[in-house]
Amino acid sequence: MAERIGIFGGTFDPPHIGHLVVAAQARAQLQLDRVLLVVAHDPWQKRGQRVVSTAEARFEMVEAAVDGHVGLEASRIELDRGGPSYTIDTVITLDGAARELFVIVGSDLIAQLPTWKRWEELPPLVTLAVAPRAGAPSLEVAPPWRWVALRLPSLEISSSALRAMLADDLPLEFLVPDATISVIMRHRLYRSPRP
């Protein structure tokens, strides 16, 4: 029987409970053997938008967030490869006759799929697992994609909102796993310099 793997890529700057809920629900609903939270080495589509934490710090946060959660794994595949992070490269690395691959994305990313590097190569290799996002368009994905909609509770949380909270010295308890908060504090991430 083929191993069923979920590929959940992202910047994860920082990872939060919304990410973990998506990963855990995808694993359960799609009967995945494991979900890889693939930390982007160089999130090329975010270049010039904002400063991104180091790849190693983001990996350490994801590793702390999934620690003890069976079937959820922090993945270094893009960090170890280096360079810009393209989903197609990760899929090709993981593709095999004994594997069925699911790429987990938020519904807010569906319109951006044609901007992905070599996106045309992905549809025959993967099934999209689409997580609903508040304010995103309906969950319709056009051919040639194979896709399935995930059923999730409504959680309006984003990494950008969490970074803003930290810059304002607001607590992240219950929004980010405690182990991840420890990593953030140890590396002094997302703190605004004081005048």
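Every number here is computed from the coordinates shown, using simple stated rules; none is lab data. Nothing here was measured: the structure is a model prediction, and the numbers come from that model. Methodologically, a virtual Cβ is constructed for each residue, glycine included, from the backbone with ideal geometry; neighbour enumeration extends over all protein chains shown.
Odds and ends about this structure:
- Given (1) 16.4, 60; (2) 27.4, 99; (3) 18.4, 70, the label whose value is Rg and Dmax of the Cα atoms in Å derived from this model: (1)
- GNM top mover of 92, 17, 77 - the chain, alpha-carbon springs below 10 Å: 92
- Cβ-Cβ FRET estimate between residue 154 and residue 186, R0 fixed at 30 Å, reported to 0.05: 0.40
- Check: the chain dipole with +1 on Lys, Arg Cβ and -1 on Asp, Glu Cβ, in debye: 320
- Two-site FRET efficiency, residue 146 against residue 33, from Cβ-Cβ distance with R₀ of 22 Å, rounded to 0.05: 0.75
- Note on residue 70 and residue 173: with the Förster distance fixed at 25 Å, the Cβ-Cβ geometry gives a FRET efficiency of about 0.55.
- Cα lying deepest toward the dipole's positive end in the stretch 39-115, options 98, 84, 45, charges on Cβ: 45
- Rounded to the nearest whole angstrom, the semi-axes of the ellipsoid equivalent to the stretch 1-45, taken from the Cα gyration tensor as √(5λ), stand at 21, 13, 6, largest first.
- Residue of 180, 93, 115 that the Gaussian network model of the chain assigns the largest fluctuation, springs spanning Cα pairs under 10 Å: 115
- The ranking of 37, 79, 162 by Cβ neighbour count inside 10 Å, starting from the fewest, reads 79, 162, 37.
- With a simple spin-label model that places each label point 7 Å from the Cα along the Cα-to-Cβ direction, the separation between residue 112 and residue 161 comes to 1.7 nm.
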